[in-house]
Amino acid sequence: ENEEGKIRIGFSQAMTNDDWRRSMNNSMKLQASMNPEIDLQIKDANYDVLTQIKQIDELIADSVDVLIVSPIQSKPITSVVQKALNAGIPVLVVDRKTESQQYTAYLGADNIEVGRNAAKEIIASNIKDSIRIIEIKGLVGSSPAEERGMGFNQIIDQFKKVQITATIEGNWEKESIQNKFRQLLNDEIKVDYVFAHNDRMAVGAWEVARELGIENEISFVGVDGLAGTNGGIQAVKDGVLKATVLYPTGGDEAIKLALKIFNKEAIPKNNILSTTIINELNADIMNNQFEKINEQQDQMEEQLAAIKKQEELYYSQNNLLKITMAL
Ligand code: FRU
């Protein structure tokens, strides 16, 4: 707590140049602005591990009350999280984990389940007697990539008719996989399905297939299922993706948990957000639901802005009154 009695929450965000992270930051900011006692500081590591370590160090030096971290990769961020704990700062790890269990709590969807859901969807929606899959992985050393791969393979391994014929190492962005995927297709590798660890890479793979005129011969499955025009739900509605697995950002929950941690309330060590498959059967309904939530959030933001304006007006009129009375 600082002089003004504010609760200071510092968030070390891996990066903010994609819609998923932007949406996470926005819901954090909205949730924070509904609790006027919260002072939220977000630091964007711009996808650079050394920057992230430096920024966490700064938040430690700043003695924030609660630290929230979404680590770029697990291993390199583990010791600086330990450092925060040693300094007496509780740490909530979100989305991507550090390497040890050394943190106050974790918040995020179960990425093993995310991978399993993707595999189940592929198996359930296919009647062919052999299915060949290309798996496109997220950044090596980041826990969602490891866990999604693990869950996916657990299910695939149980079915003889399904085979992963190639894997591509990506870094979560489509630019990291497009040339490699083009190469595989040019080498005439046979593929029925592409499972990419997120929607951006899945759509990126689809773009390559379309360039080659074979996008209708392959089905694409991704992860995230963001709402909005560029999101995965729209991609399912457009028939670009066969399915996506919902991976909620948990921005508002993160702030709520941070507040509980600050208030020394007992919370579970693992706080698991729910995930589900989004395909042509439920894409519309999911889209409508998220649109409603977004509208409500916009309204809340407008109301908060209006309250702020009223407050400012009140204070300036009050000051005017004081001045007038002093005259
Ligand atoms: C956003 C993102 C998501 C993915 C998550 C994994 O930066 O790449 O697309 O699901 O990170 O941590």
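The values are calculated or read from the model by the stated rules, or taken from the named source; none is laboratory data. Predicted model, so just to flag it, every value in this text is computed and none were measured. We place every Cβ from the backbone using ideal geometry, glycine too, and count neighbours over all the protein chains shown. Protein only, heavy atoms only, side chains kept; ligands, DNA and RNA dropped before computing areas. Shrake-Rupley method; radii C 1.70, N 1.55, O 1.52, S 1.80 Å.
For residue 267, work out the one condition from (1) open to solvent by 40 Å² or more (accessible area, probe 1.4 Å); (2) under 19 Å from the mean Cα position of the chain (by Cα); (3) in contact (Cβ under 8 Å) with a residue 24 or more places away in the chain it doesn't fulfil.
(2)
Please specify each residue of the range 147-179 satisfying the condition of being open to solvent by 10 Å² or more (accessible area, probe 1.4 Å), assigned to a helix (DSSP H, G or I) and touching a residue at least 24 places away in the same chain (Cβ under 8 Å).
147, 150, 153, 154, 155, 174, 175, 176, 178
Restricting to the range 85-139, name every residue that is surrounded by fewer than 20 Cβ atoms within 10 Å (Cβ to Cβ), touching a helix residue (DSSP H, G or I) at 6+ places or on another chain (Cβ under 8 Å), among the β-branched types (Val, Ile, Thr) and without any contact (Cβ under 8 Å) to a residue 40 or more places away in the chain.
Within the range 85-139, just 123 meets the criteria.
All but one of (1) modelled with pLDDT under 95; (2) under 26 Å from the mean Cα position of the chain (by Cα); (3) closer than 23 Å to residue 138 by Cβ; (4) not charged (D, E, K, R) hold for residue 251; state the number of the condition that does not hold.
Exception for residue 251: condition (1).
Scan (1) within 30 Å of residue 233 (Cα to Cα); (2) away from the ligand (no atom under 16 Å from the Cβ) for the single condition residue 59 breaks and write down its number.
(1)
Consider only pairs whose beta carbons are under 7 Å apart and that are at least six residues apart or on different chains; among these, list those whose first residue lies in the range 206-229 and is acidic (Asp, Glu) and whose second residue is open to solvent by less than 30 Å² (accessible area, probe 1.4 Å).
If the second residue must be open to solvent by less than 30 Å² (accessible area, probe 1.4 Å), the pairs left are 215/209; 224/20; 224/198; 224/199; 224/232; 224/244; 224/247.
Of a type in the set (D, E, K, R) and crowded, with 18+ Cβ neighbours inside 10 Å: which single residue out of 8, 22 fits that description?
When all the criteria are applied, what remains is 8.
Output the residue which, of all residues in the range 27-45 that are assigned to a helix (DSSP H, G or I) and over 14 Å from residue 227 (Cα atoms), is farthest from the ligand (Cβ to nearest atom).
33
Give me the residue from the range 201-242 that is polar (S, T, N, Q) and away from the ligand (no atom under 16 Å from the Cβ) and, out of that set, nearest to residue 134 (Cα to Cα).
This residue is 219.
Could you grab me the full set of residues in the range 291-318 that are within 30 Å of residue 225 (Cα to Cα) and polar (S, T, N, Q)?
294, 296, 297, 299, 303
Out of the residues in the range 1-26 that are within 16 Å of the ligand (Cβ to nearest atom) and assigned to a strand (DSSP E or B), state the one that is nearest to residue 78 (Cα to Cα).
Applying the filter and picking the extreme gives 12.
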